[in-house]
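Data first, discussion second: the structure below is written as structure tokens.
The values are calculated or read from the model by the stated rules, or taken from the named source; none is laboratory data. Just so it is clear, the model here is predicted, and its values are computed rather than measured. So basically every Cβ, Gly included, is an ideal-geometry build from the backbone, and we count neighbours across all protein chains shown. Ligands, DNA and RNA are stripped out before the accessible areas are found, and what is left, the full protein with its side chains, is counted by its heavy atoms. Shrake-Rupley method; radii C 1.70, N 1.55, O 1.52, S 1.80 Å.
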Amino acid sequence: MQIPANLQIEENTTQTLIFHELQSAEIHAKRDSNTTIVAFLTAEPSAPVTLNFHREESGPSITFLAFIIGTKPQNYQIKTISKHTTPNTNAYYYIRSALFDEAKIDYFGNLVIDKIAQQTDCYLAHNSLMLSPKAHTDTEPCLEIEANDVTAGHSATVGRTDESLLFYLMSRGLDRRQAEELLIQGFMQADLDKISDPEVRAKLAQEIEQQLQCLT
């Protein structure tokens with residue numbers, strides 16, 4: 001299922017949406033809505049993706065979670081632009097990528113908070129796990145803040161698998177790919193736990209496990 005190019009989130013709604021394809025989109029969240037948008041990507045988008053998140057009424061909260069497993073020469077070019085133009089809005093963006101072969105991710109995340117958007121709470125993070133010397137990550141988190149009563153932050157980590165931990169798992173009878181699979185599942189779990197809907201969380205964990213098993 002692909003995210004629609006114009007996603008309207010109605011007021012006073014609580015929902016979790018899951019997508020397996022991304023395209024550039026405008027996401028509008030209305031008053032007092034609470035939405036979790038989950039993207040699980042195993043194939044690169046057909047074109048660079050820009051997701052513009054708008055909050056033009058007070059009270060909405062959006063959590064965007066992307067889980068990316070790149071297994072071949074793929075290029076994931078993704079931007080999230082979080083626009084805050086009214087007081088009292090929440091937004092949280094978490095990107096997790098596990099990259100094999102020559103897979104590449106280029107992520108740009110921006111939190112834009114206007115002067116009148118007081119009491120905004122927002123955060124973005126990108127964590128990338130490199131499973132090949134040819135894999136590549138570019139990440140650029142940005143903040144543009146004009147208001148003075150806000151909570152905002154960002155983080156980014158790029159790392160490779162812990163060889164000592166892999167060795168430990170392999171000493172317990174796993175081959176290297178099985179050990180990597182277990183580490184990736186643990187890596188993804190940190191953000192899977194942010195999905196409040198237990199059915200969606202379990203379904204996505206199963207899809208991630210199945211995708212990793214296809215690599216063996």
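Nearest 0.05, what FRET efficiency do H20 and N148 give at R0 = 41 Å with Cβ-Cβ as r? Efficiency at R0 = 41 Å is approximately 0.55.
Pairs of Lys residues in the chain, spaced 8 or more positions apart or belonging to different chains, with C-alpha separations under 18 angstrom: 7 in total.
With all protein chains in place and a 1.4 Å probe, the accessible surface of the chain carries 47 percent carbon and sulfur. Any idea what % of Cα-Cα pairs in the stretch 1-146 are farther than 28 Å? Counting pairs separated by more than 28 Å, the tail of P(r) holds 18 percent.
Computed over the stretch 6-120, relative contact order equals 23 percent, with contacts defined as Cα pairs under 8 Å that lie 6+ residues apart. Surface exposure of the chain, expressed per residue as accessible area with a 1.4 Å probe, stands at 47 Å². Between the beta carbons of A5 and L182, assuming R0 = 30 Å, the FRET efficiency works out to 0.20 to the nearest 0.05.
Modelled this way, with points 7 Å down the Cα-to-C-beta line, the labels at E199 and S155 are 3.2 nm from one another.
Evaluated at 4 °C with a viscosity of 1.567 mPa s, what Stokes-Einstein diffusion coefficient in µm²/s does the stretch 65-163 have when Rh comes from the Kirkwood expression over alpha-carbon pairs? The calculation lands on 91 µm²/s. In summary, the convex hull built on the alpha carbon positions of the stretch 1-40 has an orientation-averaged projected area of 2.5 nm². Under the combined filter of DSSP loop state and at most 10 neighbouring Cβ atoms within 10 Å, the stretch 139-187 retains these trypsin sites (Lys or Arg not before Pro): R172. What FRET efficiency do you get for D32 and E209 if R0 is 30 Å and r is their Cβ-Cβ distance, rounded to the nearest 0.05? E between D32 and E209, to the nearest 0.05, is 0.25. Gyration tensor over the Cα atoms of the stretch 143-200: the corresponding equivalent ellipsoid has semi-axes (square roots of 5 times the eigenvalues, largest first) of 35, 17, 7 Å. Normalised by the number of residues in the stretch 76-136, the mean separation of alpha-carbon contacts (under 8 Å, six or more apart) gives a relative contact order of 48 percent. Here the sum of -39500 (n - 2.57) over DSSP H runs of 4 or more residues, divided by the residues of the chain, equals -6500 deg cm²/dmol at 222 nm, to the nearest 500.
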